[in-house]
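The values are calculated or read from the model by the stated rules, or taken from the named source; none is laboratory data. Values in this document were obtained by computation on a predicted structure and should not be read as measured data. Heads up, the Cβs are rebuilt from the backbone with ideal geometry, glycines too, and the neighbour counts pull from every protein chain shown. For the accessible areas, the whole protein counts, side chains as well, though only heavy atoms, and no ligand, DNA or RNA atoms are used. Shrake-Rupley method; radii C 1.70, N 1.55, O 1.52, S 1.80 Å.
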Amino acid sequence: MSTQAPHPTLLIPGPIEFDDAVLNSMGHYAESHTAPGFVKTFGETLTLVRKLFQSSNPAAQPFVVSGSGTLGWDMVASNLIERGENALVLHTGYFADSFAACLETYGANATQLKAPIGDRPSLEQIEQALKEKTYKLLTITHVDTSTGVLSDVKGVTELVRRVSPETLVVVDGVCSVGCEEIAFDAWDIDVVLTASQKAIGCPPGLSIVMTSPRAVDRFRNRKTPPASYYASMANWMPVMQNYENFKPSYFATPSTQLVHALHTTLTQITSRPLSERFAAHTQASDSVKAAVAELGLSQLAPKPENQAHGMTAIYLPEGLLPTDVLPLLLKRGVIFAAGLHKEIATKYIRFGHMGVSVTDPNRNHINSAIASLKEAFSEAKQAKGL
Ligand SMILES: Cc1ncc(COP(=O)(O)O)c(C=O)c1O
């Protein structure tokens, strides 16, 4: 059982609940970021990031930098594409709009390929788009946290390699890494960017980016200097390589306590087969989705192959708003999130089922949240005379 102070269970699609050992690692005493103890922890953490991505290619390069998931977008937009070049952004919700806005901030031309809400662009549509223009990179939101739509990273990457092999495949894995399968080398992905606070189970504050040799070549061979200083991959790469070789290094001060927490959670995650972790998330997701169907409700993502395994976006019955249901859930000790997609934000709620809430059955978070969801809906409907 957790020894944390009693609190409502946080089941939003990130940040998520913490394992005690992960949280306790944040209480590490002060140490220099260049002292041998920390250098070892950081170096091992980078190697654990490779394991998390199932990558054994020594020429692939992980980055762990203080910042949130958004910093990963800036790293991509300021290093891997230049002013006036084209990016194809596959749109499955809110986060594609923001990634496109970030790419445009640095001068790229972002073309969005949009699917109706709850769906994803088809492989045929993507193939057609790739044949119409030359794109320096393509972005996929693996799980769009605003809609709960899962994208087919493996299928899209295969397609890009066949139709436009020089286009970098960039995956926003902020809401997928740690709960959805990602085989970085085997699928031949170029970038996965993620953050510490979702299925990885660490407090917010670290941006984690994995890059392929193709992506490394891209930023090394830019015609113009990187468009950012702090987010420059060329500035961070030697630092990451030194730490992984257990040599102290400095470009900007790392978040030492957060790196300890990341080390702890990645050690836990990689100490068991990743397939077991993905299967546990699929099983939890299946129970949530079955309960949603039993309540007569529908998901934003109606097709099973489009449905994320770490979260569920649930349409509210006609006549109910998130503000009618969320307080009733809180009264029962569980926090869900309101809608986020701007066109339908008041029509749905989001249930995050990731990390320790899924992998530690002693916590009973998912079954008890499902029970609370059923009660809260019935109370809300009764209150509204529905
Ligand atoms: C899919 C996705 N991408 C990017 C982000 C941005 O990450 P952050 O809020 O950590 O900056 C989020 C945040 O929830 C997200 O869900």
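See the values below:
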| quantity | calculated |
| --- | --- |
| Selection from the stretch 143-173 of residues that are under 14 Å from Phe53 (Cβ atoms), within 16 Å of the ligand (Cβ to nearest atom) and open to solvent by 10 Å² or more (accessible area, probe 1.4 Å) | none |
| Every residue from the stretch 351-374 that is open to solvent by less than 30 Å² (accessible area, probe 1.4 Å) and either closer than 18 Å to Thr282 by Cβ or not assigned by TED's automatic domain parsing to the domain that holds Leu316 (or both) | Phe351, Gly352, His353, Met354, Gly355, Val356, Ser357, Val358, His365, Ile366, Ala369, Ile370 |
| Residue tally, condition part of a helix (DSSP H, G or I), touching a Lys or Arg at 6+ places or on another chain (Cβ under 9 Å) and of a type in the set (S, T, N, Q), over the stretch 278-335 | 1 |
| Exclusive hit being within 19 Å of Leu23 (Cβ to Cβ) and touching a helix residue (DSSP H, G or I) at 6+ places or on another chain (Cβ under 6 Å), set Leu159, Leu193, Leu206 | Leu206 |
| Close pairs (7 angstrom Cβ cut-off, 6 or more residues apart or separate chains): free of Cβ contacts under 8 Å to residues at least 24 places away in the same chain and in the same structural domain as Leu52 (by TED's automatic domain parsing) in the stretch 250-273, of a type in the set (Val, Ile, Thr) and open to solvent by less than 20 Å² (accessible area, probe 1.4 Å) anywhere | Phe251/Val239 |
| Extreme residue, farthest from Lys247 (Cα to Cα), among residues of the stretch 27-57 that are touching a helix residue (DSSP H, G or I) at 6+ places or on another chain (Cβ under 7 Å) and charged (D, E, K, R) | Lys51 |
| Out of Thr47, Thr9, sole residue that is touching a residue at least 40 places away in the same chain (Cβ under 8 Å) and open to solvent by 50 Å² or more (accessible area, probe 1.4 Å) | Thr47 |
| Complete set of residues in the stretch 224-281 that are more than 21 Å from the chain's Cα centre (by Cα), surrounded by fewer than 19 Cβ atoms within 10 Å (Cβ to Cβ) and among the hydrophobic types (A, V, I, L, M, F, W, C) | Ala234, Met237, Phe246, Phe251, Ala252 |
| Residue satisfying all of: in the stretch 184-198; away from the ligand (no atom under 11 Å from the Cβ) and open to solvent by less than 10 Å² (accessible area, probe 1.4 Å); farthest from Asn79 (Cα to Cα) among these | Phe184 |
| Test result for Ala108, away from the ligand (no atom under 16 Å from the Cβ), assigned by TED's automatic domain parsing to the domain that holds Phe219 and more than 25 Å from Ser151 (Cα to Cα) | no |
| Selected residue [part of a helix (DSSP H, G or I) and touching a residue at least 24 places away in the same chain (Cβ under 8 Å)] from Val89, Val64, Val156 | Val156 |
| Flag for Ser285 being polar (S, T, N, Q) and surrounded by 20 or more Cβ atoms within 10 Å (Cβ to Cβ) | yes |
